[in-house]
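Okay, structure first, notes after.
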Amino acid sequence: GGMASCRRLSGAGLREVLGPAQGLLFDCDGVLWAGERAVPGAPELLERLRRSGKAALFVSNNSRRSVAELERRFSRLGFHGVRAEHVFSSALCSALFLRQRLLGGGGGVGSGDSGGRVFVLGGEGLRGEVRDAGLRLAGEGEATPAEPVRAVLVGYDDQFTFAKLAQACGYLRDPQCLLVATDPDPWHPLSDGQRTPGTGSLTAAVETASGRKALVVGKPNTYMFDCIVERFGVDPSRTLMVGDRLETDILFGKNCGLSTILTLTGVSRLEEAQAYMASDSAAAKDMVPNYYVDSIADLIPGLDE
Amino acid sequence: AALPGPAPADWAQAPLDPAVRAVLVGFDEHFSYAKLCQALRYLLRDGTDCLLVGTNRDHRLPLEGGAAIPGTGCLVKAVETAAQRDAFIVGKPNRYMFDCVASEFNIDPARTIMVGDRLDTDILMGNSCGLTTLLTLTGVSTLDEVRGHQDSNCPTRQSLVPDYYVDSISDLLPALGE
């Protein structure tokens with residue numbers, strides 16, 4: 001179809017859009033919560049969706065936490081009934097991606113091939129997801145010939161150093177070694193309005209040093225949607241994507257064939273969406289949401305009592 | 001200044017030096033996420049225009065045996081990506097350093113030769129500044145790379161082609177008088 005038109009969703013429009021939807025995909029940061037505070041009304045929205053028989057699934061570029069930690073976080077912030085299996089983080093999906101690429105369909109049965117090791121630039125949440133996928137992590141020191149490092153995974157790494165960058169480049173000299181990034185985000189907002197550097201900035205350093213382009217698992221690329229479809233079989237034409245970042249969430253929705261709703265409680269401003277709409281570039285137009293709301297709490301009147 | 005606490009939430013509360021007007025990214029083997037965080041804070045601070053300057057964009061520094069360590073360009077790219085803005089790059093191939101030399105020493109480009117081993121820094125700068133360019137083959141770039149650029153139809157690649165080459169700068173000795 002043509003370009004989305006960024007219409008405010010309210011009143012009768014809410015029921016027209018939400019009525020036919022079988023489910024909603026939500027980004028988390030800036031949509032459900034900001035830092036340690038739930039967005040007012042967001043827990044009630046999820047509860048109302050549940051009662052309406054509509055599915056709620058979660059797709060986040062944040063590679064810091066395991067899905068088990070995220071499940072606890074949902075509960076702690078007042079969102080009840082969200083289970084780990086509903087949550088698709090870039091940490092989980094990067095591990096699934098690497099499992100597919102390194103272990104294939106069941107691994108090298110009989111050949112003793114463990115698929116090789118993964119050098120992870122990231123915290124314990126990301127490392128745990130990679131281990132849970134059946135992969136082995138590279139520690140300090142040399143890879144043995146029996147277990148070469150077959151992938152470098154760049155995630156959010158607040159312990160990133162020049163030494164780790166150099167080590168990653170060493171592994172990437174082998175053209176068989178994959179370079180994978182959890183997400184492209186250049187920065188993330190902090191609760192006081194400041195910004196903290198994102199995985200995208202670390203990936204740029206690794207790409208520059210190695211001369212390689214990373215395979216990016218997270219939004220706006222569609223791999224996380226493939227993971228969702230594999231587990232839950234959602235129909236894109238009956239599913240809405242709700243997010244706060246035009247360059248990742250809204251573009252992801254567009255790429256996956258989902259209608260998109262921008263919520264204004266996070267990163268992107270309405271003026272930015274309007275600027276994309278006014279732009280001549282096709283790439284810009286793909287980041288225009290179909291609809292917007294001030295907060296996801298505004299969706300509640302669109303659901304049956 | 002030392003950063004308090006172990007995590008970005010703490011780092012983001014550390015006081016900023018009110019006198020800082022520029023972030024300068026050079027070769028830093030102690031580069032870390034914490035430093036990247038601080039750089040971003042200075043660049044985004046309200047009320048001051050903070051410059052972002054990089055010493056150079058070299059991707060890597062070659063070591064013996066084909067190994068290499070990451071170059072300053074990687075660190076510059078990390079800061080540029082986080083801050084979503086471009087750095088002003090002082091080093092080759094930008095002409096800033098040539099302008100410094102030329103103004104100090106009254107250089108006539110038409111009578112000056114630039115000697116270097118890298119096409120994308122030394123030779124490009126020399127060509128851009130109207131110098132005669134001489135590639136020496138004792139370093140990074142190879143004759144095959146030169147021929148590749150020469151055979152291409154791309155004007156950008158053509159500007160990487162030196163006027164002359166030698167196997168080593170010692171080959172210049174016979175041309176100099178006794």
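In the set B:VAL140, B:VAL90, B:VAL115, only one residue is surrounded by 15 or more Cβ atoms within 10 Å (Cβ to Cβ) and within 14 Å of another protein chain (Cβ to nearest Cβ); that residue is B:VAL140. Looking only at residues of segment B:36-60 that are surrounded by fewer than 20 Cβ atoms within 10 Å (Cβ to Cβ) and free of Cβ contacts under 8 Å to residues at least 24 places away in the same chain, we find that the one that is nearest to the chain's Cα centre (by Cα) is B:HIS59.
The set of residues in segment B:58-98 being polar (S, T, N, Q) and either assigned by the TED database to the domain that holds B:VAL140 or closer than 17 Å to B:PHE27 by Cα (or both) consists of B:THR72 alone. Residues in segment A:196-233 that are open to solvent by less than 30 Å² (accessible area, probe 1.4 Å), more than 14 Å from chain B (Cβ to nearest Cβ) and not in a helix (DSSP H, G or I): A:VAL217, A:GLY218, A:LYS219, A:PRO220. Counting only residues that are outside any helix (DSSP H, G or I) and small (Gly, Ala, Ser), segment A:257-290 holds 6 of them. Residues in segment B:37-58: is at least one within 30 Å of A:TYR171 (Cα to Cα) and among the charged types (D, E, K, R)? Looking for residues that are within 30 Å of A:TYR171 (Cα to Cα) and among the charged types (D, E, K, R), one finds at least one in segment B:37-58, hence yes.
The residue that is modelled with the lowest pLDDT, counting only those in segment B:8-23 that are surrounded by 11 or more Cβ atoms within 10 Å (Cβ to Cβ) and among the hydrophobic types (A, V, I, L, M, F, W, C), is B:ALA9. The helices (runs of 4 or more DSSP H) found entirely in segment A:7-108 that carry 2 or more residues being without any contact (Cβ under 8 Å) to a residue 40 or more places away in the chain and not assigned by the TED database to the domain that holds A:GLN194 are A:11-18, A:42-51, A:67-76. Listed by first and then second residue, the pairs with beta-carbon distance under 7 Å, at least 6 apart or on different chains, first residue in segment B:137-163 and assigned to a helix (DSSP H, G or I), second of a type in the set (Lys, Arg), are B:HIS149/B:ARG157. Here B:ASP171 passes the criteria (1) assigned to a loop (DSSP other than H, G, I, E, B); (2) at pLDDT 95 or above except the one numbered (1). When you go through (1) modelled with pLDDT of 95 or more; (2) closer than 21 Å to A:ILE261 by Cβ one by one for A:ALA4, which number turns out not to apply? That leaves (1) as the condition not met. Residue check: A:PRO186 meets all listed conditions (1) touching a Ser or Thr at 6+ places or on another chain (Cβ under 6 Å); (2) of a type outside the set (Asp, Glu); (3) at the interface with chain B (Cβ under 9 Å from one of its Cβ atoms); (4) open to solvent by less than 20 Å² (accessible area, probe 1.4 Å) but one, namely (4). Quick check, is A:GLU147 open to solvent by less than 40 Å² (accessible area, probe 1.4 Å) and at pLDDT below 95? Criteria met by A:GLU147. Residue count for segment A:150-165 under the criterion of being within 11 Å of another protein chain (Cβ to nearest Cβ), open to solvent by 10 Å² or more (accessible area, probe 1.4 Å) and either touching a residue at least 12 places away in the same chain (Cβ under 8 Å) or touching a helix residue (DSSP H, G or I) at 6+ places or on another chain (Cβ under 6 Å) (or both): the result is 4.
Here A:ASP192 passes the criteria (1) touching a residue at least 24 places away in the same chain (Cβ under 8 Å); (2) over 16 Å from the mean Cα position of the chain (by Cα); (3) assigned to a loop (DSSP other than H, G, I, E, B) except the one numbered (1). Annotation: B:ALA9 fulfils all but one of (1) more than 8 Å from chain A (Cβ to nearest Cβ); (2) out of contact with any helix residue (DSSP H, G or I) (no Cβ under 7 Å at 6 or more places or on another chain); (3) assigned to a helix (DSSP H, G or I); the unmet one is (1).
The conditions of being open to solvent by less than 30 Å² (accessible area, probe 1.4 Å) and without any contact (Cβ under 8 Å) to a residue 40 or more places away in the chain are not met by A:PRO175. Just so you know, in segment A:234-247 the residues that are under 15 Å from the mean Cα position of the chain (by Cα) and away from every other protein chain (no Cβ under 14 Å) include one that is nearest to B:GLN84 (Cα to Cα), and it is A:ASP244.
Filter segment B:70-87 down to the residues that are in contact (Cβ under 8 Å) with a residue 24 or more places away in the chain and open to solvent by 30 Å² or more (accessible area, probe 1.4 Å), then identify the one that is nearest to the other protein chains (Cβ to nearest Cβ). The extreme case among them is B:ARG85.
In segment B:143-178, the residue that is surrounded by the fewest Cβ atoms within 10 Å (Cβ to Cβ) out of those that are closer than 17 Å to B:ASP120 by Cα and of a type in the set (A, V, I, L, M) is B:LEU143.
The values are calculated or read from the model by the stated rules, or taken from the named source; none is laboratory data. Given the structure is predicted, the values throughout are model-derived calculations rather than measurements. Note that each Cβ is placed from the backbone with ideal geometry, even for glycine, and that neighbours are counted across all protein chains shown. In case anyone asks, the SASA skips ligands and DNA or RNA and just uses the protein heavy atoms, side chains included. Shrake-Rupley method; radii C 1.70, N 1.55, O 1.52, S 1.80 Å.
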